[in-house]
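Okay, so here's the structure we're looking at.
The values are calculated or read from the model by the stated rules, or taken from the named source; none is laboratory data. Only a predicted model underlies this, so the values are computations on that prediction, with no experimental measurement involved. Here the Cβ positions follow ideal geometry from the backbone for every residue, glycine too, while neighbour counts run over all protein chains shown. Protein only, heavy atoms only, side chains kept; ligands, DNA and RNA dropped before computing areas. Shrake-Rupley method; radii C 1.70, N 1.55, O 1.52, S 1.80 Å.
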Amino acid sequence: MTPRQPTYFMRIEAAVARSMLAFFTQLGPVRASNFAGRFCRCIGPLLPVSKIADRNLQLALPELAAKARRTIIRGVWENLGRTVGELPHLAHLQENTPHGPGFEVCGVEYLQEQAMRGGSVLFCSGHIGNWEMLPPAVARYGVPFASFYRAAGNPLIDGMIRHLRDTAMAPTPMPLFAKGARGAREALAYVAKGGRLGMLVDQKMNDGVEASFFGLPAMTAPALAAMALKYRCPVIPGYVERLGPARLRIVVQPPLTLPNTGNKQQDLAALVQMVNDQLESWIRQKPESWLWLHKRWPKSFYKKH
């Protein structure tokens, strides 16, 4: 397939993005996080997509009043802005610094166990906190993992993002599998050969399996559960908690207990549900840390009401 050639407008868009990254780099991690977070907190709630977030909150947390939902949506945008502002600084964040920018890891023992064990392992998480910090933080404990990746529409911006991610993972850059049938086949072969794979499993997949999420039916990608059951490899849940500007806590939890009833479909449904339940428990702790901006539930739930 011939690579898509950038258009004039793509080049302009890329120039703006490059200037923003340079600006964030010059500001340093804390000021970049603060600036981007405050900017998005002001602008984001005015965008039409925030109506989706409000509807999601009505569905998932119906006990919340309108004012509480607006507060959460502002927090969602602030977290997203901070995540973008921190992106050029992830490679330089140090672990266990006493204060200021940096990160810490809870559940180190589960990573160390996997490093000693070797072989296939699946990491599962969602778009919570600064999810971009998960791969480089885990890699520092000897278990770097490959990931699925949705390419940006602009190939020039896509190249910038990939470069930032590779830099954060240095010196152990890992494969990125394109989302879609081909990428799924490549990821399956990678895990079959003993590879480690991380997946963000909190978005809707129309041709997935139905599971409960916040007590509502939600079509969910079954790939992680299918691979885990096929190869009987550990599934390790984890997420990123934001403690402050460019200050993050990576929470790693014990491997999930894989169901083994002998009924493949029943085991698949059970494991998918276990993962959804884990995600829900994290989101409920701090709702503003999750990306509520996509339609997670059936289309009919978003019709005018």
So A152, is it among the hydrophobic types (A, V, I, L, M, F, W, C) and open to solvent by 20 Å² or more (accessible area, probe 1.4 Å): yes
In segment 203-223, residue nearest to L291 (Cα to Cα) [restricted to those that are outside any strand (DSSP E or B) and modelled with pLDDT of 95 or more]: F214
Matching helices (runs of 4 or more DSSP H) fully within segment 39-150 where at least 2 residues are closer than 24 Å to L229 by Cα: 108-117, 134-139
Residue satisfying all of: in segment 84-126; closer than 14 Å to V240 by Cα and of a type in the set (V, I, T); surrounded by the most Cβ atoms within 10 Å (Cβ to Cβ) among these: V105
Matching residues in segment 56-71 - criterion: being among the aliphatic types (A, V, I, L, M) and open to solvent by 20 Å² or more (accessible area, probe 1.4 Å): L59, L64, A65, A66, A68
Every residue from segment 179-207 that is open to solvent by 60 Å² or more (accessible area, probe 1.4 Å), touching a Phe, Trp or Tyr at 6+ places or on another chain (Cβ under 8 Å) and among the aliphatic types (A, V, I, L, M): L200
Pairs with Cβ under 7 Å, 6+ apart, first in segment 188-199 and assigned to a strand (DSSP E or B), second aromatic (F, W, Y): R196/F145; L197/F145; L197/Y190; G198/F123; G198/F145; M199/F148
